[in-house]
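The values are calculated or read from the model by the stated rules, or taken from the named source; none is laboratory data. Quick caveat, the model's predicted, so the values are computed rather than measured. With ideal geometry, Cβ positions are generated from the backbone for all residues, glycine too; neighbour counts draw on all protein chains shown. All accessible areas refer to the heavy atoms of the entire protein, side chains included, with ligands and DNA or RNA removed. Shrake-Rupley method; radii C 1.70, N 1.55, O 1.52, S 1.80 Å.
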Amino acid sequence: MALASVAFSSCGDSKFNEQPAPPQEENPEQPGGTAPEESRRNEQYRPQIHYTPAKNWINDPNGMVYADGVYHLYYQYNPQGNDWGNMSWGHAVSSDLVRWEEKSVAMVRNEWGDIFSGSAIVDKDNTAGFGKNAILAFYTASGEHQQQCLAYSTDGGMTYTQYEGNPVIANTELGDFRDPKVFWHEESRKWVMALALGWSCKIEFWGSADLKNWSKLSTFTTTCPRSNIGQWECPDLLKLPYKGGEKWVLIVSNNPGGPVGGSGTEYFVGDFDGTTFTAMDLDYPLWLDYGADNYAGVTWSNMPGGRTVMIGWMNNWNYAGSVPCNPWRSAMTLPRELALKEVNGTPLLATTVVKEIDGIAGEWKEAQGGKIDASDAYEARFKVSLKESSSFRLENSVGEYLEVAVNPAAGKIVARRTSSTGAVSFNNLFSVPSISAPFNIEGEEMELCIFVDRSSVEIFNFDGTMAMTNIVFPKEPYNIISGPADISYRDLKSIW
Ligand code: FRU
């Protein structure tokens, strides 16, 4: 059963209750191990610069952790098919966050249930006793109830052993209680876990000294009525530099209360004292991305250089089950670095594609608009006027296009994902004529930075305080840019 078909049950119901318990293989085959990576270059709609598995369904990114020179990306994965189900943790590794190599499935359903979303950390001081530098994964086991479980890896994240004391946080009462994100809180010298309570629109914080025994610290919710539309999932709490000091940012995925309907990622800015998160009084909701397709993103743990880097699922529960991709379904966004920037007195989360993208980029070229000499994936930069209304199009040679309007009077850009963009009829929620984002820039012009792949367009303003990610399904890649006069662009080479 496609998850989307049960995602709109009334408040209080768990969207997962109706999932059948899947049969599980003892040793699941290496996913995609049978398909040469090169085949990913030729399939229609196959993203060339975004992570996808060779085959089968994926959703949320999970357990992102850096360990011993390797970036790990686990994710919700169905080893047995191209629809949501049999939830397991698929696995890919990278040395640069951009080029990924798919590995064997890391965890499959166990006695406690399906392996839902979660996080991973490196236990440098062996606080849990599984060994110095063991990688510990926390996930929600979704069976009769949603409970938090722990598994550990002593072989660099390739295989995991279930902790015999599972579940580490038992639950028989709450319908929605999931997606543990664990981090070390230096100031109070303890581990903290953020957990989402789905339709209750609450985030709980739990604390632990040894990663096995957890006690509840506090509950965060909001009185902002807008934020209570939809269920809360996949939280993350991070500390970012701000104006010579620091602020904490609570990331919450919200479905179906997103900015375009369906899935979206919102955030709250405030303070965390080791027990309680207190949000500043800002004009919420604030969205990490104003497009339709950036969900369930959380940040890497143990990032070198103090960087804060996130990746999201580039899809939306409104139509995820029917996007026309085969033999895989769904991609991740490009990884993005997060920072807080002050805009008109408000701290806004800015996202920019990680600098490692340079590793697959060709030379910058210039064009005056029209057909550009780019491959299926490229980055384009150009300025748009903020003095009067204008629009530009990303087009292909068969007449399909994504139109983006710039509306300075409203302070917004508006992407029009209609049937002009390519295939839309696979789901009646996919066509959205007006996907709008505040551009958060003052002045006479704004520089945009756009990443185009075969089936996605990610648009950023130059400082990253506006991001808009939308998937599209044109027959051919968009290699014509009409509207702007001077365009800089560079090829992004296929990662396959
Ligand atoms: C978010 C989510 C999580 C859950 C997972 C199940 O997209 O609903 O809350 O853990 O997907 O696949």
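Only residues that are more than 25 Å from MET310 (Cβ to Cβ) and either open to solvent by less than 10 Å² (accessible area, probe 1.4 Å) or not acidic (Asp, Glu) (or both) were counted across the range 128-154, and they come to 9. Being part of a helix (DSSP H, G or I), at pLDDT 95 or above and either closer than 27 Å to ALA54 by Cβ or within 16 Å of the ligand (Cβ to nearest atom) (or both) is not true of GLY297.
Criterion first (within 12 Å of the ligand (Cβ to nearest atom), touching a residue at least 60 places away in the same chain (Cβ under 8 Å) and under 17 Å from the mean Cα position of the chain (by Cα)) does SER117 satisfy it? It is true that SER117 is within 12 Å of the ligand (Cβ to nearest atom), touching a residue at least 60 places away in the same chain (Cβ under 8 Å) and under 17 Å from the mean Cα position of the chain (by Cα).
For the range 434-464, the set of residues classified as open to solvent by 10 Å² or more (accessible area, probe 1.4 Å) and either of a type in the set (Val, Ile, Thr) or at positive phi (or both) consists of ASN440, ILE441, GLY443, listed by residue number. Restricting the range 312-351 to residues that are under 21 Å from VAL252 (Cβ atoms) and hydroxyl-bearing (Ser, Thr, Tyr), the residue that is most open to solvent (accessible area, probe 1.4 Å) is THR346. Taken over the range 32-54, the criterion of being at pLDDT 90 or above and either within 15 Å of TRP100 (Cβ to Cβ) or within 16 Å of the ligand (Cβ to nearest atom) (or both) is satisfied by ARG46, PRO47, GLN48, ILE49, HIS50, TYR51, THR52, PRO53, ALA54. Restricting the search to strands (runs of 3 or more DSSP E) fully inside the range 145-235 and requiring at least 2 residues that are aromatic (Phe, Trp, Tyr) and under 22 Å from LEU73 (Cβ atoms) gives 178-185. Within the range 352-394, the residues that satisfy the criterion of being part of a strand (DSSP E or B), closer than 22 Å to HIS50 by Cα and open to solvent by less than 10 Å² (accessible area, probe 1.4 Å) are TYR378, GLU379, ALA380, LEU394. For the range 155-177, the set of residues classified as open to solvent by less than 20 Å² (accessible area, probe 1.4 Å) and closer than 20 Å to SER104 by Cβ consists of GLY157 only.
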